[in-house]
Amino acid sequence: MSNGGGTFQFRGTGGQLFVQMLIVMLLSMITFFIYMPWGYCRIARWMAANTTVNGQPVQFNGTGGGLFVEFFIIGLLTMITFYIYTPWGICRMTRWFAANTTVGGQPVQFDGTGGELFGLYIVGMLLSMITFGIYSFWFQMKLNRWNASHTIIGGQRLQFSGEAIDWIVQLLIVGFLNAITFGIYSAWGTVRIIKWQMDRTSFAGAMPMMATA
């Protein structure tokens, strides 16, 4: 699926993201990183504003204050459970972003649960450790497929078709270009990864009819 005519299309550029990242970094530094939740929301709004699904606009309405609360709760529960809460925290965060996103005016839903993710997460982490990190690329693709299968837009679930080998190639390209540009390419690399992921995300089954915003 090419980004030019796929279900998900992203038109953001590395130059635009570089400016956004620079603003977020500067404001985070001068506020002793208190601004970070607001910064994440700023980036999320930029990504949404540059994304369409079946030609319909995407909008993100989350606030930094709301995300700050989520960060605090997830961080606290993760620490007091010695990181056992991590899969539940991932689901809680994903659900929060979905609940604050609309596509063509329709809500985005996420119905994944921490209990379901726990098994996938434990197996993935163990295999990544015993293979000295090699399995982590396959693990990431499994997480992407799981996440897509639990995301619902307009009553239709998503699916992800990315493969680990292709993912490794993308990371090698981005890593190499980051190295030779002393990290300057990171914004452009991030956009490359976003487009790669969107190119491989589509609706499972028949493409739904979406209302015009």
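The values are calculated or read from the model by the stated rules, or taken from the named source; none is laboratory data. Remember, it's a predicted structure, so these values are computed and weren't measured experimentally. No Cβ is skipped: glycine too gets one built from the backbone with ideal geometry, and neighbour counts run over all protein chains shown. The accessibility values were calculated without ligands, DNA or RNA, using every heavy atom of the protein model including side chains. Shrake-Rupley method; radii C 1.70, N 1.55, O 1.52, S 1.80 Å.
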Going residue by residue through region 182-190, the Karplus relation 6.51 cos²θ - 1.76 cosθ + 1.60 with θ = phi - 60° gives ³J(HN,Hα) values, rounded to whole Hz and with x marking Gly or Pro, of 6, x, 5, 6, 3, 5, 5, x, 4
Can you check what the Kirkwood hydrodynamic radius comes to for the chain, Cα pairs only, in Å to one decimal?
18.6 Å
Mean 1/r over all different Cα pairs, inverted: what Kirkwood radius does region 64-128 give, in Å?
12.9 Å
Would you look at the GNM of the chain, springs on alpha carbons closer than 10 Å, and say which of Q109, Q16, Q159 moves the most?
Q16
Can you tell me the accessible area per residue over the chain, all protein chains present, probe 1.4 angstrom, in square angstrom?
55 Å²
Return the calculated 222 nm mean residue ellipticity for the chain, to the nearest 500 deg cm²/dmol, obtained by summing -39500 (n - 2.57) across DSSP H runs with n ≥ 4 and dividing by the residue count.
-19000 deg cm²/dmol
Out of every Cα pair in region 121-213, what percent are spaced more than 23 Å from each other?
40 percent
Carbon-plus-sulfur fraction of the accessible area of region 1-96, 1.4 Å probe, in percent?
74 percent
Ranked by GNM mean-square fluctuation in the chain (Cα springs under 10 Å), the top entry among S128, S161, S149 is S128
May I ask which residue of N178, F110, M129 lies farthest towards the positive end of the charge dipole of the chain, with charges of +1 (Lys, Arg) and -1 (Asp, Glu) on Cβ and the Cα centre as origin?
N178
Length released on extending from I34 to F176, taking residue separation times 0.36 nm less the Cα-Cα span
47.9 nm
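What do you get for Rg/Rh over region 153-194 if you use C-alpha atoms and the Kirkwood form of Rh? Don't jump to the answer; show the numbers that get you there.
Numbers: Rg = 14.0 Å, Rh = 11.8 Å.
Reported Rg/Rh (Cα atoms, Kirkwood Rh): 1.18.
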Provide, as a two-decimal number, the C-alpha radius of gyration of region 13-111 over 2.2 N^0.38 Å, N being how many residues it has.
1.19
